Every structure is written in C-alpha cells, then in structure tokens.
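Read-outs throughout are calculated quantities, based only on the coordinates presented, and are distinct from any laboratory measurement. Predicted model, so just to flag it, every value in this text is computed and none were measured. Every residue, glycine among them, receives a Cβ derived from its backbone with ideal geometry; neighbour counts consider all protein chains shown.
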Amino acid sequence: MMLIPTHHFRDIERKPEYLQPEKCAPPPYPGPAGTMWFIRDGCGIACAIVTWFLVLYAEFVVLFVMLIPSRDYVYSIINGILFNLLAFLALASHCRAMLTDPGAVPKGNATKEFIESLQLKPGQVVYKCPKCCSIKPDRAHHCSVCKRCIRKMDHHCPWVNNCVGENNQKYFVLFTMYIALISLHALIMVGFHFLHCFEEDWTKCSYFSPPTTVILLILLCFEGLLFLIFTSVMFGTQVHSICTDETGIERLKRKQQPRERRGSWKAVKETFGGNFSPNWLNPFSGPYHPALRDEGWVRQVASSDNMETTTEEPSEEPSEEPSEERKDEDSVEVTDE
C-alpha cells in the first residue's frame, strides 16, 4: 500500500519532505484545561471595546435620563429590571463568544506520524492546511485573523474579536438576539419618554437640561435603530444557517461542493446544547458536539480517477476572494498498489 498525493502526485512514503517536517513539528504540550482563548487582533479588540461602550451608554441613558427621574416607580422598576437583565445577558454572550475556542484544529499536527496513525483505507483522503500545518477535518476552514483552521467556520466577526464556529455559534446567536431586544426595548422607552415630556415640563422629565436630554435621547434612538436592524439581520442569517446546516462559507461553495446535510432539528440541538430547554437562552450553558475521532480527520472520495479534480477548501473568511495560496493546499490519498 502506498500514499498518493491528490493534486501534486508526490508520494509521501518516497518523499517525506512533502510534509515539511521542519515547519510541521508536533504541536506543543497543551496548556492547562480551561485556558482562555483570546485573539490578539487590534481591530477586533477595538470593535469589542466599542460594543461594550455602546451598551454601557444605552444603560446610562435608560437609567439616568429616563427611568430614575420618572415618578412612576412601577414603570421604572419593571423596565429597569428587564433592560438590565437583557443587557447583562447580551454582554455575557459577547464575552462567551469572544473568549471561547470556536473549534480550532490542533496546530502543527500534519506530520507523517499522525497521518500514519490514522490508518487510511483505500478511497480515503486527508487535507493539509499549508498555513497552520494542520490536518483539516471536513467542514474546517482557515481564518487569516485567528491563524488557525476552525471547524464549521461561518465567518470571522470583528465585533466579538473571534471566529464564529462550532463551539461558539450559540453564544454569537444569543449575543445578536439580546442586542436586538435591548435595542427594541430602548426605542420603545425613548418613544414613551418623548410623549410624556411633550405633555409635561421638560425640566421635570430628566435631571439634565432639556437640550442635553434631547441630544442623549436622539443618540440613543439612532444607536438603537442601527443595531436593531444590524443584529436582527445577523440573527436571522445565523438561525437560517443552523436550520439548514450550512455555514456562510459552505453557502458560497454550494454549487462547487454539494454535500449531504443533517436534519435541521438535530443541527439546532447540537448548536444550543440538547433538547429544547431554558438553557438554550443561557449564555453560560455550552453547545453539544461529539468529540472528533480519528475517522473525523479523513474524507471519502469516489475513486482514484478523480484525484485531479478534488475541490480545494477555502482558507479565508467568506468575504475574501479565493487567493492563489489556496491552490497549494495538499491532500494525500491512500490506494492499493
């Protein structure tokens, strides 16, 4: 039995340098369990800070401009509790989406020893990412920002400074949902506040001067409307991707690489962590995905006759055009002599 490369017709057994072992050394010893995942990207960190600032600004205006000065204590207490609960869940979901490993493939495992340990059978093929020296399982794609291959990568989102992938898509969906809800809630309260202040003296509607109050409310209204539209669209897109079991990258590649999909309910349960329960809305409850076994690293091909036409996986986010580097992605197929 010999190993035949799918695209370049190089034999890994005859040419061990194919894997570039000096670049694909075995991955370092893993850190302790629970090590925090954080992407050191300047743009992403800035966007995450802006996200928190905007939520805290909305919190300030809602509390100190509208609710606390109000004489209707029941109205203030109910809306204050509801808004603060939604804001807390939104920020908690943002933290979980940002600090959770989205499903990164172990770096540097594209070694000859690891491929041999998979014991490939005839008709099976493995793909190697030339950028992070990783064996790419099915539905994994390389992110140029995270510099890792991510399982079920949908896209890289600068607002959470992380990829949206297999392990954190639930948190991203909850983040967009809670941001949309607090935006809608803030807009409704701004509307009621304007109506109330038009009927009474503006000096009694807020602790701030009328011009300052109007400016703060208009800015909050603009922010709420903008983020309501944006996060509602993102929420709908993510729910559609989960229900159709098709990520953003796979949607772009649909015509070139048709594939079998799972049932929508099964995909939803895996993403949100089991059967329907209140934990689906809980950002502190994780998703459920089976551990990746050895057979998860290999892919099946119809026959060795189509080796030259095997489609490559994209290595960047769906927003980027395919680059020449993607053509260099290597795959190795095993066939009988």
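Please pull out the direction-averaged projected area of region 107-182, using the convex hull of its alpha-carbon atoms, in nm² to one decimal place. Its Cα hull, projected and averaged over all orientations, spans 6.0 nm².
Remark on region 146-267: ratio of C-alpha radius of gyration to 2.2 N^0.38 Å is 1.50. Applying the Kirkwood pairwise sum to the alpha-carbon positions of region 158-215 produces a hydrodynamic radius of 14.2 angstrom. Segment T237..W202, full-extension length gain: 8.4 nm, with 0.36 nm per residue of separation and the alpha-carbon distance subtracted.
Calculated FRET efficiency, S277 to L99, Cβ-Cβ distance, R0 = 22 Å: about 0.40 to the nearest 0.05.
Counting charges near W280 (Lys, Arg +1; Asp, Glu -1) among other residues having Cβ under 10 Å from its Cβ returns a value of +2.
Full extension of the chain between F192 and V74 yields a length gain of 41.0 nm, computed as 0.36 nm times the residue separation minus the alpha carbon distance. Taking region 40-125, how much of its Cα-Cα pair set, in percent, is spaced more than 22 angstrom apart? Summing the P(r) tail past 22 Å for region 40-125 gives 56 percent.
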